[in-house]
Amino acid sequence: MELAHQPSMFDVAEEAALTPLRGRVRRHVLDGGAWVDHLPGWVRGSDAVLEVLLGDIGWRADRRQMYDREVAVPRLLRWYGRGEALPHPLLTEAHAALDAHYGPELGEPFVTAGMCLYRDGRDSVAWHGDRLGRSRTQDTMVAIVSFGSPRPLLLRPVGGGESLRFSLGHGDLVVMGGSCQRTWEHCIPKTTRPVGPRVSVQFRPAGVA
């Protein structure tokens, strides 16, 4: 896949590595029992991971029904199920680190890794919550690690209200927990600004999509 990207000027590490979570990740407590953890630059040397993710890892272009016509999903997708090898060792390390840090609070491990490739500013995801499966009725967590050009992740209460904004790219981490998937919704909006590709890696527990 030929997608040009601009390396981070602030992350000059040659090899990908994780920074500590404990004592560095910041929690934002939201209304309705929801919360969001944020840690910019969790992955150092993140461009090395991005190079692999922009390769041939099985990206697919999906289509969906919208009203009376079928339209292309405005991003590419890749899904890794339980036990499936991830395309870069750093992602396996990230999975283990997230389990170690959040496992006691979550009460179970993260088992799947969904990936979205936003090729440019025309790719996006509309307002939604990850409510397929038991997250419709139960508290859960979704951990997202971002690689590539920063894009804003917006969050707002279900039904509307003031939104929060996190700029995610170049190894940033965000974790949505508590009731966040039920009581809040999130999106990646389109932009007319020139932006390079971004890959979002979402770790989820079993039965959450």
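Summary table below
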{"item": "E185, sole failed condition from (1) surrounded by fewer than 19 Cβ atoms within 10 Å (Cβ to Cβ); (2) under 27 Å from R63 (Cβ atoms)", "result": "(1)"}
{"item": "When residues of region 31-54 are limited to those that are among the charged types (D, E, K, R) and not in a helix (DSSP H, G or I), the one nearest to the chain's Cα centre (by Cα)", "result": "D37"}
{"item": "Some residue of region 93-106 being touching a Leu at 6+ places or on another chain (Cβ under 7 Å) and over 25 Å from G207 (Cα atoms)", "result": "no"}
{"item": "Answer from G178, G160, G107 - the residue that is touching a helix residue (DSSP H, G or I) at 6+ places or on another chain (Cβ under 7 Å) and of a type in the set (G, A, S)", "result": "G178"}
{"item": "Yes/no for L90 being farther than 26 Å from A34 by Cα and surrounded by fewer than 15 Cβ atoms within 10 Å (Cβ to Cβ)", "result": "no"}
{"item": "Number of positions in region 17-30 that are more than 19 Å from S167 (Cα to Cα) and assigned to a loop (DSSP other than H, G, I, E, B)", "result": "3"}
{"item": "Whichever residue in region 124-162 is within 30 Å of A48 (Cα to Cα) and of a type in the set (S, T, Y) and, among such residues, is surrounded by the fewest Cβ atoms within 10 Å (Cβ to Cβ)", "result": "S124"}
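Read-outs: derived from the displayed coordinates by stated rules, not from any lab. Predicted, not measured: the structure shown is a model, and the values here were computed from it. Neighbour counts are summed over all protein chains in view; Cβ atoms, including those assigned to glycine, are modelled from backbone coordinates with ideal geometry.
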